[in-house]
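Input: a single structure, listed below in structure tokens.
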Amino acid sequence: MRIWENENFYIEKHDSKLPWLKLFTKFEYKEISDIPFDMKMEMYGLLEDIERSLIEFYNPDKINLASFGNMLQRVHWHIIARFTNDPYFPKTTWEEPVRDFNLNLPNFKEFEQFLLRILQ
């Protein structure tokens, strides 16, 4: 689900119970080194804004940033708020869960509004 966009990037919510966002370039750059320098600086600024927003709103134990591009061969980032009692911790969110999900997290719609105010 797309929650924000500008002329160069867009942000989607990943289908997860964890607070998990994905940042995409609108043009399908294959590697970070393919992105023009000024867009790269904008991308890093957006990553920091998303990370700081997740930290301030959810108070996670850790933020995970990942950019693989093996399955979807274009630049995109996963920004995930992690908690020591989340279903996957301390492993990655791509592995099998090690416990049930029983985090009592604030509503994502409220976070979305919080993030949109920051990105204005």
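Report the relative contact order of the chain, percent, no decimals, based on alpha-carbon pairs under 8 angstrom and at least 6 residues apart.
Relative contact order of the chain: 23 percent.
Under 15 Å from a point placed 7 Å out from the Cα of ARG117 along the Cα-to-Cβ direction: which residues of the stretch 7-35 have their backbone N that close? Label zone hits: none.
Please report the projected area of the stretch 2-119's Cα convex hull averaged over all directions, in nm². Kindly include the intermediate steps, with their values, before the conclusion.
On the way: hull surface 29.3 nm².
If you wrap the Cα atoms of the stretch 2-119 in a convex hull and average its projections, you get 7.3 nm².
Take the Cβ atoms of MET1 and PHE37, set R0 to 41 Å, and the FRET efficiency comes out at 0.85. Mind pulling the angle between the C-alpha long axis of helix 108-119 and the longest principal axis of the chain? Nearest 10 degrees, somewhere in 0 to 90. Rounded to the nearest ten degrees, it is 30.
Mind scanning LYS17/LYS62; LYS17/LYS40; LYS40/LYS91; LYS26/LYS91 and naming the pairs with a C-alpha gap bigger than 27 Å? Spell out each step's value before the answer.
Numbers: LYS17/LYS62 16 Å; LYS17/LYS40 29 Å; LYS40/LYS91 29 Å; LYS26/LYS91 30 Å.
Pairs exceeding 27 Å: LYS17/LYS40; LYS40/LYS91; LYS26/LYS91.
Nothing charged except the Cβ atoms of Lys and Arg (+1) and of Asp and Glu (-1): what's the magnitude of the dipole of the stretch 2-119 about its Cα centre? Round to the nearest 20 debye.
On the way: 15 positive and 20 negative charges, 41 e Å.
Using only the charged Cβ atoms, the result is roughly 200 debye.
Every read-out reported here was derived from the displayed coordinates using simple, explicitly stated rules and does not represent laboratory data. In this text, all values refer to a predicted model and were calculated from it rather than measured experimentally. No Cβ is skipped: glycine too gets one built from the backbone with ideal geometry, and neighbour counts run over all protein chains shown.
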